[in-house]
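Enquirer: I have a structure I would like to understand better, so I am pasting it below and will then ask my questions one at a time.
The values are calculated or read from the model by the stated rules, or taken from the named source; none is laboratory data. Computed from a prediction, not measured in an experiment: that's the story for all the values here. We place every Cβ from the backbone using ideal geometry, glycine too, and count neighbours over all the protein chains shown. Note: areas computed on protein heavy atoms with side chains; ligands, DNA, RNA excluded. Shrake-Rupley method; radii C 1.70, N 1.55, O 1.52, S 1.80 Å.
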Amino acid sequence: MTVWRITDGEDGVESGERASPATGSGPGSGDGSGGDIVELDTALLHISASPVAARLVMSGEIDVSNAGEVTRALDAAGGRVPGCDVHVDLTEVDFVDVAGLRAFNLAALDLQEDGRMLVLHAVSPHIDKLFATIGWSSTPGLQIHCGPRA
């Protein structure tokens, strides 16, 4: 399987180049088999995706500098399994700014048009509070699950 890896160029391939499947293993790569797609791997944020399911695992911080990559990863996940909800594990996400919240909000609205949902798992209480404060916690197509964080 070919794994596409987008990096910031530090000790990795440049954005858009092909990487070997071995580079698909690492933090957040799912089951450890190296079979997940690495959507983004920078010092600030790591995003891995299942190649066969509409599932993403994010770790790090989401802000204006990487919100575009988050949007692209959400779009790609939604396209992998048409008709299915998109699930995002945020267990290891420590910070999300308004640009990141907006990326999730817009993705949920797009998915909702097709009768699907964006389901955010293990959202930290402070990120959940930000969604509520802005008023985006009730966005059609968005479901937020706060859960225990280790």
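Enquirer: With a 1.4 Å probe and all protein chains left in place, how much of the accessible area of the stretch 81-150 comes from carbon and sulfur atoms, in whole percent?
Expert: 55
Enquirer: Hey, another quick one. If packing is taken as the average number of other Cβ atoms within 10 Å across a peptide's residues, how do 79-89, 45-55, 114-124 rank, most packed first?
Expert: Descending packing order for the listed peptides: 45-55, 114-124, 79-89.
Enquirer: Ordered by residue, what ³J(HN,Hα) values in Hz, to whole numbers, does the stretch 86-98 give under the Karplus form 6.51 cos²θ - 1.76 cosθ + 1.60, where θ = phi - 60° and Gly and Pro are x?
Expert: 9, 10, 10, 8, 10, 3, 9, 8, 9, 8, 9, 8, 4
Enquirer: Can you pull the accessible area of S59 for me, 1.4 Å probe, Å² to the nearest 10?
Expert: Here the accessible area works out near 30 Å².
Enquirer: Label S59 and D85 with points 7 Å out from Cα along Cα→Cβ: what is the distance between them in nm?
Expert: With each label placed 7 Å out from Cα toward Cβ, I get 2.5 nm.
Enquirer: How large is log10 I(q)/I(0) at q = 0.17 Å⁻¹ when the Debye formula is applied to the Cα atoms of the stretch 63-149, each weighted equally and without solvent?
Expert: Calculated log10 I(q)/I(0) at the listed q: -0.63.
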